[in-house]
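Participant: Let me begin by handing over the structure; questions about it come next.
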């Protein structure tokens, strides 16, 4: 009988020390779906953590200025660091179905930037820290732009690499 009590006690201790995390939602499953309806979503993983801006009011435009095209979309979530993510082109048109390398923030390029509100600094993609974004939908009748992105950026003070993965956006844009 003593051995049975010891076995039951040991089993209870082992079972109680195990913890199931079945109810936990994977970070990628917390991101908004990759839609193409103008849903007003922007999300990605920042070093594996979900960054989501569901405000629907983020800045998104695709405009012809002085004969050159400029695209820009930005998402914010000031509960995270970085608190802002920008993706855009300078004097570069975009097209549905195309993939654009994210490089230096200069004329003719696409680039990305992170805003670190804790230190009031911004860091951008460059020749060493790159990525890409794609346009999955560009609808001029309904002014909808959707896409995906992934890139790396160097933290401006620590020098660590910030990894942006599984990025997606679906927004209305101004012309």
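Participant: Quick one: of the DSSP bridges fully inside the stretch 38-172, what percent are antiparallel, nearest 5? Each step should come with its number before you reach the end.
Facilitator: Values: 54 of 55 bridges.
Of all bridge pairs located within the stretch 38-172, approximately 100 percent are antiparallel.
Participant: Continuing with this model, one more query. With axes computed from alpha carbons, what is the tilt in degrees of helix 2-17 against the longest principal axis of the chain, rounded to the nearest 10 within 0 to 90?
Facilitator: In the chain, helix 2-17 runs at an angle near 10 degrees to the longest axis.
Participant: Can you match P(r) over Cα pairs in 10 Å bins from 0, in percent to one of these, (i) 10, 30, 24, 9, 7, 7, 7, 5, 2, 0; (ii) 10, 39, 41, 10, 0; (iii) 10, 34, 28, 10, 6, 6, 4, 2, 0, based on a calculation from the structure here?
Facilitator: (iii)
Participant: Given the options 140, 149, 115, which has the most mean-square fluctuation in a GNM of the chain, springs set between C-alpha atoms less than 10 angstrom apart?
Facilitator: For the chain, modelled as a Gaussian network with Cα springs under 10 Å, the answer is 140.
Read-outs throughout are calculated quantities, based only on the coordinates presented, and are distinct from any laboratory measurement. Keep in mind the model is a prediction, meaning the values are calculated, not measured.
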